[in-house]
1. Using the basic label-point model (7 angstrom from Cα toward the beta carbon), what is the residue A:119 to residue B:29 distance in nanometres?
2. Apply the Debye scattering formula to chain B, with a single equal point scatterer on each alpha-carbon and no solvent, then give log10 I(q)/I(0) at q = 0.12, 0.23 Å⁻¹.
3. Would you work out if segment A:1-71 is rounded, prolate or oblate? Take a ≥ b ≥ c from the square roots of the eigenvalues of the alpha-carbon gyration tensor; rounded if a/c is under 1.5, else prolate when a/b is larger than b/c, oblate otherwise.
4. For segment B:45-93, what D do you get in µm² per second when you plug the Kirkwood radius from alpha-carbon pairs into Stokes-Einstein at 10 °C and 1.306 mPa s?
5. Mean-square fluctuation check for chain A, GNM, Cα pairs under 10 Å: which of A:54, A:27, A:87 is largest?
6. Based on the Kirkwood radius over alpha-carbon pairs, what is the Stokes-Einstein translational diffusion coefficient of segment A:6-119 at 10 °C with 1.306 mPa s viscosity, in µm²/s?
7. Restricting the calculation to Cα positions, tell me the Rg (one decimal) and the Dmax (whole number) of the protein assembly as shown in Å.
8. How many nm separate the modelled label positions at residue A:20 and residue A:7, each set 7 Å beyond the Cα in the direction of the Cβ?
């Protein structure tokens, strides 16, 4: 079965410090990978998605970046954090388009998330 | 107009009651529909897909109305553990991105 890991679970960082959040997926190959942010009491905001190694699409211009150095590894980074970067960061995976054989394979499955507080 | 709209609630419902909420979507080309559940400070988890013919999973029933472009979720005999935020999600055939509603908060009271 597939599992998705994220770390750390909680992070408190000062404004202007760098950020690196890691996500890894097990039990599947060539997944689509996603980074979302959820502000307190709000819906999910898609930040980045990737359909393969080195392929990153950005949905929202910001001071964050993403990288996919390996098939099942997705990293979210920032060189200098802002107060507005605080939130709940979620990594998700889904089957690659074209490989899904039913709707359950089309949908996205989430890691446990990282709660980031920028002070 | 938002692509996926939900009543944010909260819906305060006594234990054992039946509760239903809807979600409307704007893209008529949408092909796949899902309900997710999110507990406080946790990640969203897939509750059920929504099929054209409607589908049921225990106390939960999901329905799709393509003509009016909405999906619904019905919870029967509600339990305290059903308290959560329910997220409506829509996907088009050609796009691997999901469009998320902001969620409906449900509170089941004893």
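1. That separation, rounded to one decimal, is 4.8 nm.
2. For chain B, the Cα-only Debye profile gives -0.38, -1.33.
3. The shape class here is prolate.
4. 133
5. In the Gaussian network model the winner is A:27.
6. On the way: Rh = 14.3 Å.
Approximately 111 µm²/s, per Stokes-Einstein.
7. 17.9, 52
8. Rounded to a tenth, the inter-label distance reads 1.3 nm.
Bear in mind that the values in this text are calculations on the coordinates, not laboratory data. Remember, it's a predicted structure, so these values are computed and weren't measured experimentally. Reconstructed Cβ throughout: ideal geometry from the backbone, glycine too, with neighbour counts over all protein chains shown.
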